[in-house]
Amino acid sequence: MEFFDFLGKDPRYGRHSLNRLNKRHRFLIEPYLADIDGSSVLDIGAYDGRWSYALSQAGAREVVAVEAREESMVRFESYPPGPAKDRVRFVKGDVQDVLPRMIADATRFDVVALFGFLYHVMDHYHLLQQIARLSPRLVIIDSEFTMSPRPVIRLVREKTDNDHNSIARVPGQTKAPVGIPSKLALTWMAASLGYGVEWADWESLKPRERRGLDGYFTQPPGWKRRETCALRSVEGSAQDPADQADAWRLSRPLRTRRTRRTPGGRAPRSPVEPGRAQGPTTRTTFRHVPGASDPPRPWPGRARCTAHGQRPARA
Ligand SMILES: C[S@@+](CC[C@H](N)C(=O)[O-])C[C@H]1O[C@@H](n2cnc3c(N)ncnc32)[C@H](O)[C@@H]1O
């Protein structure tokens, strides 16, 4: 029996989505059980509360679930009754309105979950700044990332009538512009706010276990891939983490694989393993966690942030 199997009775969840949710649970929740236990947790873009429920069941003292779409949040009512459900409280509203109210009330959270949300916004840095003002020691992010080794945010437009997408930002808007950051872009933004980044090692999943996890194993020519990471507060650092991120970045210029020119045309220059060739991070020593895979993903699976400010070892 895996965590989300209880949703099997809900006709909206088929076998495929339960399999996917259960595998994601292993990467989004299980590594952080010690952090979640007894904590106050904020779940941003909570949808029907499935991850809020998981966070509560994982031991959170309370979970505040922010969701803009009423029709999604009411589905939480059909979740199994019990203490885990009772510890979840929904706040309906646009996160852009809800977070300033929380900040004004001096609300604090120990842990913030941004699951499937960071690629549905245009104002990533503003959002992260607001989250930082809630003083979490841990922000868990599961998102799509642009597979560029550069610090970029790539814009796309998405339909606002899809209940998984951005809400309309202006009245009557049917397509909202949203930005998909690269890993380095997130690292820089996080570093400037005093957070280091640890990336989950999805490569540790055996190929046969990857079924149903579309998006997490995309290869070029695809340009975006799902990743999971944890932003940890690096208080008391001897050096500004943003400077460390810069120092690391400057010490490792972009490597590109040069392909042969084709007659009559300019050969494309594609980054080596876009998005994973450059292990950014802040204040960081990249260390393989036991069991973490070696290349083909040159970006070490789980990069730990340490206080030493050493340059990451080459992958
Ligand atoms: C892709 S879904 C992710 C849902 C959930 N976190 C999960 O992983 O299952 C994104 C959710 O964010 C909500 N959302 C989008 N923009 C929002 C906003 N500005 N404020 C609050 N919720 C928003 C959507 O309604 C949707 O439920």
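Things to note:
- Residue within the range 75-97 that is closer than 18 Å to LEU128 by Cα and either aromatic (Phe, Trp, Tyr) or surrounded by 20 or more Cβ atoms within 10 Å (Cβ to Cβ) (or both) present: yes
- Output for the range 29-44, where each listed residue is out of contact with any helix residue (DSSP H, G or I) (no Cβ under 7 Å at 6 or more places or on another chain), within 23 Å of SER72 (Cβ to Cβ) and surrounded by 21 or more Cβ atoms within 10 Å (Cβ to Cβ): LEU42
- Options SER166, SER148, SER192: the member that is surrounded by 18 or more Cβ atoms within 10 Å (Cβ to Cβ) and touching a residue at least 60 places away in the same chain (Cβ under 8 Å): SER148
Table: residues versus (1) more than 16 Å from the ligand (Cβ to nearest atom); (2) farther than 27 Å from PRO31 by Cα; (3) of a type in the set (D, E, K, R); (4) out of contact with any Cys (no Cβ under 7 Å at 6 or more places or on another chain).
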position: LEU118; (1), (2), (3), (4): no, no, no, yes
position: ARG157; (1), (2), (3), (4): no, yes, yes, yes
position: ASN162; (1), (2), (3), (4): no, yes, no, yes
position: ALA176; (1), (2), (3), (4): no, yes, no, yes
position: ALA185; (1), (2), (3), (4): yes, no, no, yes
position: SER192; (1), (2), (3), (4): yes, no, no, yes
position: GLU198; (1), (2), (3), (4): yes, no, yes, no
position: SER204; (1), (2), (3), (4): yes, no, no, yes
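- Summed over the range 39-70, the residues that are out of contact with any Ser or Thr (no Cβ under 7 Å at 6 or more places or on another chain) and near the ligand (Cβ under 9 Å from one of its atoms) give a count of 10.
- Among residues of the range 51-77 that are farther than 11 Å from VAL112 by Cα and basic (Lys, Arg), those with a Cβ under 9 angstrom from a residue that is near the ligand (Cβ under 10 Å from one of its atoms) and part of a strand (DSSP E or B), sequence gap 6+ or separate chain, pair up as ARG69/LYS92.
A short reminder: the numbers here are calculations on the coordinates, not readings from a lab. Just so it is clear, the structure is predicted and the values come from calculations on it, not from any experiment. Positions of Cβ are backbone-derived with ideal geometry, glycine not excepted, and every protein chain shown enters the neighbour counts.
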